[in-house]
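Visitor: Structure incoming, see below.
The values are calculated or read from the model by the stated rules, or taken from the named source; none is laboratory data. Here the structure is a predicted model, which means the values were calculated and not measured. No Cβ is skipped: glycine too gets one built from the backbone with ideal geometry, and neighbour counts run over all protein chains shown.
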Amino acid sequence: DARVTQTPRHKVTEMGQEVTMRCQPILGHNTVFWYRQTMMQGLELLAYFRNRAPLDDSGMPKDRFSAEMPDATLATLKIQPSEPRDSAVYFCASGLGQPNQPQHFGDGTRLSIL
Amino acid sequence: GNSVTQMEGPVTLSEEAFLTINCTYTATGYPSLFWYVQYPGEGLQLLLKATKADDKGSNKGFEATYRKETTSFHLEKGSVQVSDSAVYFCALDAGNNRKLIWGLGTSLAVNP
């Protein structure tokens with residue numbers, strides 16, 4: 001089965017460091033989503049792309065977060081500088097962008113900022 | 001605006017018990033409705049879906065019926081197993097660029 005691949009699976013770093021998370025969407029999917037999951041806030045949509053163009057990043061703190069799709073096989077989410085409150089699990093999901101079609105999730109990046 | 005409300009967890013059941021997790025929604029038009037499941041340490045995966053009123057989605061013994069009159073999409077299973085322990089999310093697709101509106105999730109623990 002085709003899968004969304006996220007790297008790294010785990011990341012521990014110190015406050016102030018840059019963090020880059022990567023996602024390889026399923027081949028042929030034209031919509032990519034970035035989510036953040038925490039116990040307190042649940043699942044939050046940070047940003048999403050269609051055909052590599054950002055459609056909505058209103059869920060993302062603009063001063064420190066950035067999301068890009070350099071090409072159709074790679075999406076990145078960067079945090080610079082990182083803060084302890086950014087500790088969470090970050091999920092990437094991809095989809096066909098058609099009605100009634102589901103989103104397919106990766107296994108996430110578990111990020112801990114010390 | 002569009003929203004999804006799920007019953008709060010955690011839900012704890014004994015093996016072979018009957019499961020209901022309530023989900024109600026608010027949306028304009030005719031959204032598609034989904035249940036996703038998240039097993040420990042994994043991402044969310046689609047469990048079942050329904051795309052129009054009175055549709056019943058089913059998978060792995062789970063069922064949910066799209067009830068427009070009550071704006072509900074409750075998840076049910078007749079006999080749960082320990083392996084069903086997970087977090088369950090209800091979501092709707094109102095056609096807004098395929099962005100899903102998510103419930104907060106309901107944690108289910110099934111004891112042997």
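Visitor: Looking only at the range B:23-37, decide whether some residue is within 11 Å of chain A (Cβ to nearest Cβ), in a strand (DSSP E or B), over 26 Å from residue A:38 (Cβ atoms) and at pLDDT below 95.
Guide: yes
Visitor: Sticking with this structure for a sec: When the residues of the range B:74-112 are narrowed to those that are away from every other protein chain (no Cβ under 14 Å) and assigned to a loop (DSSP other than H, G, I, E, B), which ends up farthest from residue B:17 (Cα to Cα)?
Guide: That would be B:74.
Visitor: Mind checking whether some residue in the range B:76-88 is in contact (Cβ under 8 Å) with a residue 12 or more places away in the chain and within 21 Å of residue B:1 (Cβ to Cβ)?
Guide: Scanning the range B:76-88 turns up no residue that is in contact (Cβ under 8 Å) with a residue 12 or more places away in the chain and within 21 Å of residue B:1 (Cβ to Cβ).
Visitor: If you don't mind, another one. What tally of residues in the range A:78-114 results from selecting those that are at the interface with chain B (Cβ under 8 Å from one of its Cβ atoms) and either in contact with a Cys (Cβ under 6 Å, 6 or more places away or on another chain) or among the aromatic types (Phe, Trp, Tyr) (or both)?
Guide: Going through the range A:78-114 one residue at a time, the tally reaches 3.
Visitor: Something else: Quick one: residue A:22 ticks every box in (1) part of a strand (DSSP E or B); (2) within 14 Å of chain B (Cβ to nearest Cβ) except a single one, so which number is it?
Guide: (2)
Visitor: Also, I was wondering about something else. Given the residues A:40, A:60, which is the only one that is free of Cβ contacts under 8 Å to residues at least 60 places away in the same chain, buried (at least 18 other Cβ atoms within 10 Å of the Cβ) and farther than 19 Å from residue A:102 by Cα? Working first, answer last.
Guide: On the way: A:40 fails: buried (at least 18 other Cβ atoms within 10 Å of the Cβ).
None of the other options fit; the residue is A:60.
Visitor: Restricting to the range B:45-63, name every residue that is surrounded by 14 or more Cβ atoms within 10 Å (Cβ to Cβ), outside any loop (DSSP other than H, G, I, E, B) and either within 14 Å of chain A (Cβ to nearest Cβ) or touching a helix residue (DSSP H, G or I) at 6+ places or on another chain (Cβ under 8 Å) (or both).
Guide: Scanning the range B:45-63 gives B:45, B:46, B:47, B:48, B:49, B:50, B:57.
Visitor: Does at least one position in the range B:95-102 carry a residue that is touching a Leu at 6+ places or on another chain (Cβ under 7 Å) and at pLDDT 95 or above?
Guide: No; the residues of the range B:95-102 include none that is touching a Leu at 6+ places or on another chain (Cβ under 7 Å) and at pLDDT 95 or above.
Visitor: In this structure, is residue B:42 part of a loop (DSSP other than H, G, I, E, B), more than 15 Å from residue A:100 (Cβ to Cβ) and either within 14 Å of chain A (Cβ to nearest Cβ) or among the basic types (Lys, Arg) (or both)?
Guide: It is true that residue B:42 is part of a loop (DSSP other than H, G, I, E, B), more than 15 Å from residue A:100 (Cβ to Cβ) and either within 14 Å of chain A (Cβ to nearest Cβ) or among the basic types (Lys, Arg) (or both).
Visitor: Those residues that are surrounded by 11 or more Cβ atoms within 10 Å (Cβ to Cβ) and part of a loop (DSSP other than H, G, I, E, B), I need them from the range A:1-13; list them, please.
Guide: Within the range A:1-13, A:2, A:3, A:4, A:8, A:9 meet the criteria.
Visitor: Which one is nearest to residue B:6 (Cα to Cα), of the residues in the range A:54-77 that are outside any loop (DSSP other than H, G, I, E, B) and within 11 Å of chain B (Cβ to nearest Cβ)?
Guide: Applying the filter and picking the extreme gives A:56.
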